[in-house]
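Below is one structure, written out as structure tokens, with a few remarks after it.
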Amino acid sequence: MNVSYRWLQSLVPGLSEPPLELAHRLSLLGAPADEVVDLGAGVEGVVIARVLEVWQHPNADRLRVTRVDAGEEPVQVVCGAPNVEAGRYYPFAPVGATLPGGLEIRRAKLRGEVSEGMLCSARELGLGRDHAGLMTLAGEWEPGAPFLESLGLDDVRLVLDITPNRPEMLSHLGVAREVAPGGAAGVRLPEFPGASEAPLELREAGGEGEVGGVRVRVEDVGGCSRYTAAVVRGVKVGPSPEWLATRLRSVGVRPINNVVDATNYVLQELGQPIHAFDLHRLRGGEVVVRRARAGETLRTLDGVDRTLAESALVIADAEGPVALAGVLGGENSEVHDGTTDLLLEVAHFDPKAVRGTRTPFGLSTDASYRFERGVDPEGQPRALERVVRLILAVAGGEADRAALDLNPAPFSRRVVELRPERVARVLGVELAAGEISSLLEEIGFEVDASGTPLRVSVPGYRPDVTEEVDLIEEVARRRGYDSFPEELLPFRASAVPESPEVEAERRARDFFRRLGFLEARTTGFAPGSEGRVPLLNPLSAEEGSLRDALVPGLLRRVEHNWAHGVRDVRLFEVGTAFFPAGEDAVPREEIRVAAAFTGASRPSHWSGDAAAWDVWDLKGVLEELAESLGGDLEVAAPAILGGTVVSAEAFRLAVDGTEVGGGGRVAPGAADAPAWAGDVWVLEARLQAGREAEGAVTYRPLPEQPASERDLALLVPRGTAAVEVGAVIRDSAGPLLEAVAPFDLYEGKGIPEGTRSVAFRLRFRAADRTLTDAETDAAVASVLGALQERLGVRRR
């Protein structure tokens, strides 16, 4: 948002802070200034000049020679601008002046003709982007007068960074309300030069009414909750007076003509977009706010023919659309030099409707920018009266006294209760109810302090304030964040338990951080091949969908590390995957955890090189993750990773028989790996938010009795997995078995064909005595019998 310091001063007579101090204060109020621009910098030597004569350059078709009166003896100036005319006034940089960008004006010869100075365009003066012609000054001026002072351009522009939740700050009035001494009470709308009384009588109606012989109807109440209109007759369209053009240039807006400039002025002043129609070009004496119909087209003011979707919100006359509602007008109702009568529209359009209308065309205008963030639903009558008065002052004419206010969906202010004790608890400082009320009333809130809690009426221009905590934030912001003590205050933990989703994410992050992984943050956007939910308004053609898995994004980060010569990578991410949920339904979301790792499994050390990550490392990570999720690990390719992993080196993680994740080695070609890169291992799992948090770790005393161990070398058929053998051992060994684990594998000479030798170590222990050999032998015999019977496994 570009804000003129002089404009602010006209709204706030008591404003005397220097621009830099004001910018600092605005930053503390939540609207930081990205830039403070001195508009007069670099043009101090420029004066106003009157062109006395113009003739064609004898040696150049595109150049003209002029005689210029700049307050002293007339001088000759060569000019290439097509709009230079005798008798008109222009900014003039004499010899010796320096323009923005460091251009020094010198006496020169251009194609044989002497040029002693330069007639300037707005762009050359740093006052706009218009470079098509000279900056023409309307009215009568004194040749040689300083350009800056004469036009009131000794001004400073504050470029404010306004967040989307503060739409009222997209206007000079909104900024003035924040910085005025005493708040809103210290703000005054200035009188327009030459303005006269223009009393309007707003006739309120529901969804249909008449103004100036035009029937106005709101068909789409959801898209347009309020539509006000007035008629002004007998205007003379032409250049704006210089005070108005200067105001617009000070905020970077190019003057067009007095009618359009008046609407832009009120837009910048009040934040309310306004549109002016040529009354006689509205066909059939009708204006309708409706959705577009199939096959309708409109040539907009930018000269582009647009085919309208049926979802587009339009303003139409009896024959078809004349404007994209809240976005851009049409050529067929445009105000032009011959326009004499106007229909002025000041409306409140729904943000979603405006966004849906402009998005298919890639349009973004000052009007749509404000409507999408929320325009004050109570501000239309004031803006209508303001723009009518300004047009009468700068373009003449007469306004029809009867104006129209269609209000089919009347706005009702939200009332939020605010407890002073809650303010003290959140901010850590006790504030009296009177101070709280004063801080809120300064920015337009109405506070009923007759009881407790306080009842706060929220103005329409603050759609972001919906709950008590929003009001507390406003109290803190207006009081000043720097006014609160810096020391750490006492804190009492909340009795409210943590959200299950948050708890699940915390456990996952703790788990991977403990393993030495770094957390990655990738975006939720993905190519169409990696997502099943297409975006209506993608940021780029390459990322037109919402992702349905986290691993592809992590693999791209691994490739990024490889591209920078990093071999050893271990990354994890906790994020959201998206899935279709039926036509017109909100996509289904899943919170997932994923990891990708490659290279050495531990940091380098003097004791020796670290081994690379392998399938056993992956299995260990997955087993621990499965335990935290309350699931089981199976040797199988997980559907959650599709064809990303090699099925022979993959594991499936299941909870109650349902797959929730898995992992494996990345298949060749799935990642763009350099020749020196090692294998990449990935895993992904759906977090179980509903599972109870892990129980507290309890102390278990060390055993007091010795253990008895037995090693069993078993001949296992090749089709039988070691994990199956271990399960049978645990099931058949009895209560004395404390632990069992494989420790050796032999395949070679002396082993029957179709088998392999797997050695298991069994540890037995009794808590109250030393075991006898007979007890241990009996348990081993039971194990061997069960293995032979169930799996065909026998002792070697």
*Report the FRET efficiency, 1/(1 + (r/R0)^6), for Glu421 and Tyr746, where r is their Cβ-Cβ distance and R0 is 56 Å, rounded to 0.05.*
0.15
*Could you list log10 I(q)/I(0) for segment 47-151 at q = 0.11, 0.21 Å⁻¹, which the Debye formula gives when each Cα is one point scatterer?*
-0.29, -1.16
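Using Cα pairs closer than 8 Å and at least 6 residues apart in sequence, work out the relative contact order for segment 417-483, in percent.
Working: 67 pairs, mean separation 22.0, N = 67.
So the answer I get is 33 percent.
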*Given C-alpha coordinates of segment 417-483, what is the ratio Rg to Rh with the Kirkwood estimate of Rh?*
0.92
*Report the convex hull volume per residue for segment 387-431, counting only C-alpha atoms, in Å³.*
182 Å³
_Debye equation applied to the C-alpha atoms of segment 629-783, log10 I(q)/I(0) at 0.10, 0.14, 0.15 Å⁻¹_ = -0.60, -0.99, -1.05
*√(5λ) per eigenvalue of the Cα gyration tensor, segment 196-335, largest first, Å*: 26, 19, 14
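Lys and Arg at +1, Asp and Glu at -1: add these up for the other residues within a Cβ distance under 11 Å of Leu787 and post the number. List each step's numbers first, then the result.
Details: positive: Arg790, Arg794, Arg795; negative: Glu724, Asp731, Glu789.
Local charge sum for Leu787: 0.
Largest first and in whole Å, what are the equivalent-ellipsoid semi-axes of segment 168-214 based on the Cα gyration tensor, each being the root of 5 times an eigenvalue? Don't skip to the answer; put the middle values down first.
On the way: eigenvalues 197, 60, 20 Å².
Semi-axes from the Cα gyration tensor: 31, 17, 10 Å.
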*Can you tell me the FRET efficiency between Leu539 and Glu789 if r is taken as the Cβ-Cβ distance and R0 is 60 Å, rounded to the nearest 0.05?*
0.40
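Relative to the present Cα-Cα distance, how much length would full extension add between Glu589 and Glu378 at 0.36 nm per residue of separation? All intermediate terms of the calculation are to be shown ahead of the outcome.
Working: separation 211, 0.36 × 211 = 75.96 nm, distance 3.78 nm.
Stretched out fully, the Glu589 to Glu378 stretch lengthens by 72.2 nm.
Would you order Val260, Val3 from fewest to most other beta-carbon atoms within 10 Å of each residue's own beta-carbon? Provide the component values of the computation, followed by the final result.
Working: Val260 21, Val3 29.
Placing the least packed residue first, the sequence is Val260, Val3.
Local charge sum around Gly544 (other residues, Cβ-Cβ under 15 Å, Lys/Arg +1, Asp/Glu -1)? Present the calculation step by step, with values, prior to reporting the outcome.
Numbers: positive: Arg532, Arg547; negative: Glu530, Glu542, Glu543, Asp548.
Neighbour charge sum, excluding Gly544 itself: -2.
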_Difference of contour (0.36 nm per residue) and Cα-Cα distance, Asp510 to Ser604_ = 31.5 nm
_Cut-off under 5 Å, modelled amide H: who pairs with Arg306 long-range_ = Leu298, Arg299, Thr300
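For n ≥ 4 DSSP H runs only, could you compute -39500 (n - 2.57) per run for the chain, divide by its residues and tell me the 222 nm figure to the nearest 500?
-7000 deg cm²/dmol
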_Computed from the coordinates I sent, percent of Cα pairs over 42 Å apart equals one of (1) 45; (2) 41; (3) 56. Tell me the label._
(3)
*Report the GluC sites (Glu not before Pro) located in segment 547-655 that are in a DSSP loop and have at most 14 other Cβ atoms inside 10 Å of their Cβ, or state none.*
Glu583
*Considering Cα pairs under 8 angstrom that are at least six residues apart, work out the relative contact order of segment 485-612 and quote it in whole percent.*
20 percent
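Given 20 °C and 1.002 mPa s, compute D for segment 708-795 with the Stokes-Einstein relation, Rh being the Kirkwood radius over Cα pairs; round to the nearest whole µm²/s. Let's see the in-between values first.
Details: Rh = 13.3 Å.
Stokes-Einstein gives a translational diffusion coefficient of 161 µm²/s.
Given a Förster distance of 25 Å, report the FRET efficiency between Glu104 and Asn59 from their Cβ-Cβ distance, rounded to the nearest 0.05.
Values: r = 25 Å, r/R0 = 1.00.
Efficiency, rounded to the nearest 0.05: 0.50.
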*Please give the net charge around Val251, taking every other residue with its beta carbon less than 11 angstrom from that of Val251, where Lys and Arg add +1 and Asp and Glu add -1.*
+2
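Within 10 Å of each candidate Cβ there may be at most 16 other Cβ atoms; applying that plus a DSSP loop requirement, which GluC sites (Glu not before Pro) in segment 271-342 survive?
Details: sites: Glu286, Glu296, Glu310, Glu319, Glu331, Glu334; in loops: Glu296, Glu310, Glu319, Glu334.
When the GluC sites (Glu not before Pro) of segment 271-342 are filtered for loop state and at most 16 Cβ neighbours within 10 Å, Glu310, Glu319 remain.
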_Low-density loop cleavage sites - GluC sites (Glu not before Pro) in segment 168-211, where at most 10 other Cβ are within 10 Å (DSSP)_ = Glu191, Glu197
_Over the Cα atoms of segment 425-528, each weighted equally, I'd like the Debye log10 I(q)/I(0) at q = 0.11, 0.23 Å⁻¹, rounded to two decimals._
-0.63, -1.21
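Quick one: longest stretch of the chain between exposed loop chymotrypsin sites (Phe, Trp or Tyr not before Pro), exposed meaning at most 15 other C-beta atoms within 10 Å and loop per DSSP? Walk me through the intermediate numbers first.
Numbers: sites that count: Phe411, Phe491, Trp606, Trp676, Tyr699.
Here the longest segment lacking exposed loop sites spans 1-410.
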*Separation of segment 147-181 and segment 1-62 by C-alpha centroid, Å?*
12 Å
*asked:* Test of understanding: ordering Val666, Val456 by Cβ neighbours within 10 Å, fewest first, what list do you get?
replied: Val666, Val456
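Every read-out reported here was derived from the displayed coordinates using simple, explicitly stated rules and does not represent laboratory data. None of these values were measured; they are calculated from a predicted model. Here the Cβ is made from the backbone with ideal geometry for all residues, glycine too, and neighbour counts use every protein chain on show.
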